1. Of the GluC sites (Glu not before Pro) in region 1-107, which ones lie in a loop per DSSP and count no more than 16 other C-beta atoms within 10 Å?
2. At a 10 Å Cβ-Cβ cut-off, how would you order 164, 63, fewest neighbours first?
3. Tell me, what is the FRET efficiency for residue 123 and residue 159 to the nearest 0.05, using R0 = 25 angstrom and their Cβ-Cβ distance as r?
4. Relative contact order, percent, of region 2-233 when contacts are C-alpha pairs under 8 Å separated by at least 6 residues?
5. Using 7 Å Cα-to-Cβ label points, what is the residue 44/residue 81 separation (nm, one decimal)?
6. In whole angstrom, how far apart do the alpha carbon centroids of region 80-108 and region 1-15 sit?
7. Picking from 32, 181, 156, which is most flexible by a Gaussian network model of the chain using Cα springs under 10 Å?
8. For region 19-71, just run the numbers: alpha carbon Rg, then divide by 2.2 N^0.38 Å, N being how many residues it has.
Amino acid sequence: MRILSIVHGSNVPAGVFGDEAERGGHEVDTWSLAWGKPPPAPIDDYGAVMIFGGAMHADQDDRHPWLREENFFIQRLLDIHVPVLGVCLGAQLIAKAAHAEVTAMAEPEVGWVDVELTDEAADDPLFSALPDRFPAFQWHYYEFVVPSGAEVLARSERCTQAFRLGDMAWGVQFHPEVTRSILEEWFAGEPEEVPGPPEEMLAEFDRQADGWEAFGRTLCGNFIDAAERVAVTA
């Protein structure tokens, strides 16, 4: 299966998700609307789309005009029922494309935050096999209102952490794709936003790394499995 990975900067790659997809024998194309050129292949060639994070925010169309085009692109994906999974900014952009509000939080979530699944997650193809409660790595200043008709799949104390819209679209606010090398780039690029000594956060990430990578691989693998089932029945 061919998968499109939409990124929003060189330091926010597909990470664990890209590795898991390629390990499963899938072809992953990386693309950004900020590049000002079409995706590597027509939308119909892709069995799934993954949308990742970025330093910009979903309401910054004035500073990043290509976000308007991305909004239309995601709406098109939703309209033609391409399986799509958004991470952090990607989840916020899916919510925005589905006409839900995305706003700044009173207090951001950066670092490890406890997340709990909802009852609706028990029947979800991505979340049903995940732990009911888990520490999740976060780095976000905005939150989304759950789109109309969507199911809430996970929450933290401060905000919704995951949703499913219809049978084809998911959004997660945390970062299951992140690796240590990605995190090091974030610390180097935005040191003023790190809530504490970077070495302490890296040490904590190292303690959680094996379990968090396995979690990310499971979540991504479940998404790809769901997308493949769609392809078979299409």
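Nothing in this text is a laboratory measurement; each read-out follows from the coordinates by a stated rule. Predicted model, so just to flag it, every value in this text is computed and none were measured. In this analysis, Cβ positions are derived from the backbone assuming ideal geometry, glycine residues included, and neighbour counts consider all displayed protein chains.
1. The qualifying sites are 101.
2. Going from least to most buried by this count: 63, 164.
3. Efficiency, rounded to the nearest 0.05: 0.65.
4. After rounding, I find 21 percent.
5. 1.6 nm
6. Spelled out, the Cα-based centre of one part sits 16 Å from the other.
7. Among 32, 181, 156, the largest mean-square fluctuation in the Gaussian network model of the chain belongs to 181.
8. Against the compact-globule rule of thumb, the ratio is 1.32.
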